[in-house]
Amino acid sequence: MEYRHAKHSLLDDQIKGLIGAGYYPNKSELTIDALQYLFSRRQDLRVASAVELYQERKVTLSRAAEIAGMVSEEFKGVLAEKGLKIKVESLSDDEFDEGLKLIQDIRENSK
């Protein structure tokens, strides 16, 4: 327990030091930079976050694949390996009708 506290305290001091030295304006900016670096080095973390976001329906399959650093087919393979099903998005009748009307309007305006 003592070691963990000392490690946490050292990390806090280092964060304050970087902010004080002018490398970052605040802890939030430092955290964003640190996480971007972490994700750039750890594909396993990118994949894990992408799978979770996809499962929670917060991102589409193509966006999840992008987050994971993969093409969609590759990401589908990851989902299959994990025993997860691919969710097929469907439009509501209203969304379909709006899309159809938009296509018709574009066709009429291009004549």
- Taking the condition of a type in the set (A, V, I, L, M) and more than 18 Å from residue 76 (Cβ to Cβ), does residue 61 pass? no
- Task: Check every one of the helices (runs of 4 or more DSSP H) wholly within region 8-111 and list those with 3 or more residues that are touching a residue at least 24 places away in the same chain (Cβ under 8 Å).
- Result: 43-55, 72-81
- Mind checking which residues of region 44-62 are surrounded by fewer than 16 Cβ atoms within 10 Å (Cβ to Cβ) and modelled with pLDDT under 95? 55, 56, 57, 58, 60, 62
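Being surrounded by 10 or more Cβ atoms within 10 Å (Cβ to Cβ) and out of contact with any His (no Cβ under 8 Å at 6 or more places or on another chain) is true for just one of 76, 85. Which residue is that?
From the options 76, 85, the qualifying one is 76.
The values are calculated or read from the model by the stated rules, or taken from the named source; none is laboratory data. The model shown is predicted, which means the values in this text are computed figures rather than measured ones. Don't worry about glycine lacking a Cβ; one is built from the backbone with ideal geometry, like all the others, and counts go over all protein chains shown.
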